[in-house]
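Colleague: Before we start, here is the structure in question, set down as structure tokens.
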Amino acid sequence: MTQLPSSPPLPLPPSQGNNDNNSIGSNEETATTTTTTTTKSKIVESLKLFASVCFLLSSVHTTYTHHLERQQQQRQGYGHGQQHQAKQYNNDNLTRGERSATSATITSNGSRRRLSLLDDGGTPSYMNALMKDLKERQKLFEDTPPEEVKYWFEYTGPLQKYFYRYSKSRGKADYFEGRDDSGVISSRFHKPGGGPEHASFYNTPDGDIPPTEVPLYNRLLENCFALGSDARPDLTPSGTWFHWFRSSSSSSSPNEKVTDRCRVLITMNTVGAGRGSTMLWETQPPPIHTSAPRPWMSEQSTAALHLERNLREVDEICKTGLIAVRLQVLVCEPIPGVWTEYMDSMLPNCGGTVAPLTEGVDADANAHGSPYENENENVEERPSPVQVVVVAGSSTADTCHDLKSGFMEKRVQDLILAPPYLDTKFDSRSKFDPAVKVTHPDLVSSDDYDLYIGLKWSSLLTIRSISSFLQASADISAAAASPRNQEPLASGEDGDGTTVTVNNQPSSPFLIPSFVRVSYVSEENNKVAKWRMHGDFFHPAAWEVCKDSFDVTWIPDSLSGNGGVSGICYDQSHASYESVQRRLGGEDGDNDCGQWWIYMAEEQMSLNPEVYANEVSAPIVQGGGNQFWMLTEKHRQEVLKVKVCEHNAESDKALDKCGQNPQAVIPLGDMESFLVNFTPNTALGKKHTLGRRPGYSKEDERERDRDLVRERKQLKGQEDIEKALFDYTVYPAALFRKDATLKAARARDAILTKPENKDEENLGPKTVKSSYYDVTIKKPREATLGWCQSIARKGLCSLYGQYFRESADKRCMEACGLKKNWTAI
């Protein structure tokens, strides 16, 4: 890193401007006037003044000369510090054409920051926009006087409007205006596609991808194949696959081929979907072809809005050309065919048929029949990506509609896991093949898939969720295959209570990435709006977890690179192994390869009635949820082995051999990708059922804190604030990240701090700290820290993993959760 001189340069006098010669002449005039004073009594004083002025001129001239030299070197791109940096890269067998480095230089007083760039010709094309953003952030700091720099400079993003009600008298909607810097993808502020960065990345034309970046663009596909089914689809013209994904619907060339894709099964729970008290399927689907803009509708008006948004997201997923989706919609009773046709027509990129423009077949203009009746075939007579499954009969329909029964949640699990019949006994695990599904062949879930998604209609699915889940799953699989993780942890620093190894043994933790739902404030509750609309920021918050619901852990070697499950931390045959080893070296000495993970220590506590449904039908993953979860085919087979073994176990000893039940984890550096928007946004400001709230493992401590507040009369006469603190769970996404980061940093600090330096009264960091969070509000964070934080919140640490995990650029290692020992104090 290029460093400026240890002492700050002297400021130029205001009269100098940018012309050094004029300024010197001006000061010489002053000096001449001083020395020509005729008063004898002031001769000595004048000589002292002249000497000091000369010394000042010499300092200014030297400083300004160095300033001009630095400017000239920066224009040429080969300054002394830059040559040193380039030489260092060449020693590492890297050239500037392969990597570009951008280093931030900070003055000793920390008040101003400057950025010096190496040759950026080797910057990956997908990083260009981020590098431009960094320059703009840095320029904002440089152009702003130090006394005016505020902490909010790091929060950037487009100004957004949230329309919360419609005024009939004024004929327009009222709205809040602000910025959502959380990084969470919401139906409220984002267009379909998983966010602008993910939508742009996965829809990049093949011809625009540089050859050196092709492996990164194929990483989703390779991870999916590595963790998916070994059986691949029929790509011949006689197969359904060809019918769906050929270039056009007309007769195609005999030599036309279709490519393999990541096969995804989405099983959607639609119980509770409706419009007011009316069941959704008893209403008309939204119009597809309209000549006029749609009237404004509240997020809580109808479930059709959220179903439509999910269908648009699924179609965007198929549009990438990497993923093939089959959607299984579970209902309690048969639904009108118009809804089936509507859902099929919303997925043209997945193999559905676009709805015709005509609105009816009847010659009478007043007749409004189904727009699909003109078609030669309906959805039942052609391959469709949508299958509606009635999961209840006449005797169980009422139970199915009961949101507390857990009936539909259990059906979603059964269709995805496809377990054998319960009356079947197996002598050992070896005689049971979990890859063979025994569900009815008419169900699309009986086919072979690579990824399974179970969700409720109110949870937003995006390609960002799929991409991040596959990458996190590959990371965990890479850690499980690591040679050093096959041995128990050594005593000493590694046995610190936060480092956990995973391997392929039955006793090893079975970790599966899981999701947490978040909600925005809605127009339903004014008090919550006042509590959460702080400043100009919109922020989604979780209500099913809190600070006490999770711990953090460091998993060694939990990084996977290009080519499917590939351990770039230990696989010497991988192309990225050497670059990762060079990246781990350096002055900080933090040479452990891996990443931080959030480990869910409690079950997610939903509101009534979902909390009762989760008790009847517990989530497959401990610490996960029934409203949004994913499994790869490899996950499904392992889960099924454990379930069947537990069912057949006749003793505790046999039960111990079945292996661990899956546990929910979330990568710290990509946390926001696992925060799923609850699209109706009605969850905040509602009380949990007594005894069923987040943090239940520390409920007694919370009550003691509340009693202490009452005794001290800290909130006397402020009952609303007391209820907000203790009766409601509103856990903002940014606070989630902050708490997890500080838990990890404090855990390492406790291990690295020597016993003689520990102070029980001082709770602050002693040896290492978080460079982003362990700062005061008065001292603004350096622009690069805010830049890295924005990158992590947008999920780019995972999307652009080849750069942030493998390149020589270490600036965002903390934000991406890749630095075990954080920043030394």
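The values are calculated or read from the model by the stated rules, or taken from the named source; none is laboratory data. Since the model is a prediction, treat every value here as computed from it, not as a measurement. Heads up, the Cβs are rebuilt from the backbone with ideal geometry, glycines too, and the neighbour counts pull from every protein chain shown. Areas reflect the complete protein model, heavy atoms only, side chains present, ligands, DNA and RNA absent. Shrake-Rupley method; radii C 1.70, N 1.55, O 1.52, S 1.80 Å.
Colleague: By how many nm would the segment from T212 to K172 grow when fully extended, if each residue of separation counts as 0.36 nm and the alpha-carbon distance is taken off?
Modeller: Residue separation times 0.36 nm, minus the Cα-Cα distance, leaves 9.3 nm.
Colleague: Modelled label-to-label distance, D592 and L443, 7 Å Cα→beta-carbon offset: nm?
Modeller: For the pair D592/L443, the computed spacing is 4.4 nm.
Colleague: Counting only protein heavy atoms and a 1.4 Å probe, tell me what percentage of segment 674-780's accessible area is made up of carbon and sulfur.
Modeller: Ligands and nucleic acids excluded, carbon and sulfur reach 49 percent.
Colleague: Put D260, D206 in order of accessible area, largest first, 1.4 Å probe: what do you get?
Modeller: D206, D260
Colleague: For segment 716-825, run through the GluC sites (Glu not before Pro) and keep only the ones in DSSP coil with at most 16 other Cβ atoms within 10 Å of their Cβ.
Modeller: Listed in order of number, the matching sites are E760, E761.
Colleague: D for segment 657-721, whole µm²/s, Stokes-Einstein with Kirkwood Rh over alpha-carbon pairs at 10 °C and 1.306 mPa s: what number?
Modeller: It comes out at roughly 97 µm²/s.
Colleague: Then there's this: Pairs of lysines 8 or more apart, or on different chains, with alpha carbons under 22 Å: count those in segment 545-696, would you?
Modeller: Count of close lysine pairs: 8.
Colleague: Can you bin segment 692-825 into rounded, prolate or oblate? Criterion: square roots of the alpha carbon gyration tensor eigenvalues sorted a ≥ b ≥ c, rounded for a/c under 1.5, prolate for a/b above b/c, oblate for the rest.
Modeller: Note, shape of segment 692-825 comes out prolate.
Colleague: Using a ≥ b ≥ c from the Cα gyration tensor of segment 579-731 (square roots of the eigenvalues), is it rounded, prolate or oblate, where a/c under 1.5 gives rounded and otherwise the larger of a/b and b/c decides, a/b for prolate?
Modeller: Verdict is oblate for segment 579-731.
Colleague: Only Lys, Arg, Asp and Glu count, each charged at its Cβ (+1, +1, -1, -1), so figure out the dipole size of segment 651-770 about its Cα centre, rounded to 20 debye.
Modeller: Dipole about the Cα centre, nearest 20: 140 debye.
Colleague: For K687 and K653, FRET efficiency with R0 = 30 Å and r from the beta-carbon atoms, rounded to 0.05?
Modeller: Given R0 = 30 Å and the Cβ-Cβ separation, E is 0.10.
Colleague: Sticking with this structure for a sec: Check each of the chymotrypsin sites (Phe, Trp or Tyr not before Pro) in segment 280-350 and keep only those in coil by DSSP with at most 16 other C-beta atoms within 10 angstrom; list them in order.
Modeller: Those that pass, being in a loop and sparsely packed, are W296.
Colleague: Could you provide, to the nearest whole Å², the per residue accessible area of segment 165-207 with probe 1.4 Å?
Modeller: I get 55 Å² per residue for segment 165-207.
Colleague: May I ask you to give the percent of accessible area on segment 572-647 that is carbon plus sulfur, with a probe radius of 1.4 Å?
Modeller: 45 percent
Colleague: Can you give me the C-alpha center-to-center distance between segment 780-825 and segment 585-657, rounded to a whole angstrom?
Modeller: Going from one Cα centre to the other spans 28 Å.
Colleague: What is the gain in length, in nm to one decimal, between V436 and V389 on full extension, counting 0.36 nm per residue of separation less the C-alpha to C-alpha distance?
Modeller: Using 0.36 nm per residue and subtracting the Cα-Cα distance, I get 14.8 nm.
Colleague: Still on this structure: Does segment 171-311 classify as rounded, prolate or oblate by the C-alpha gyration tensor (a ≥ b ≥ c root eigenvalues; a/c under 1.5 gives rounded; else a/b over b/c gives prolate, otherwise oblate)?
Modeller: Prolate shape, in that a/c is at least 1.5 and a/b is the bigger ratio.
Colleague: Okay, moving on. Counting other C-beta atoms within 10 Å, and keeping those with at most 10, which DSSP coil trypsin sites (Lys or Arg not before Pro) do you find in segment 716-825?
Modeller: Hits after loop and neighbour filter: K716, K778.
Colleague: Suppose each label sits 7 Å from its Cα in the direction of the beta carbon; what would the Y164-T283 distance come out to in nanometres?
Modeller: Roughly 2.2 nm, to one decimal.
Colleague: Would you calculate the separation in nanometres between label points at R294 and I825, each defined as 7 Å from the Cα along the Cα-to-beta-carbon direction?
Modeller: According to this spin-label approximation, the distance is 5.4 nm.
Colleague: Let me ask you something else. Quick check: residue separation of R246 and Y773 times 0.36 nm, minus the Cα distance between them. What number comes out in nm?
Modeller: 184.6 nm
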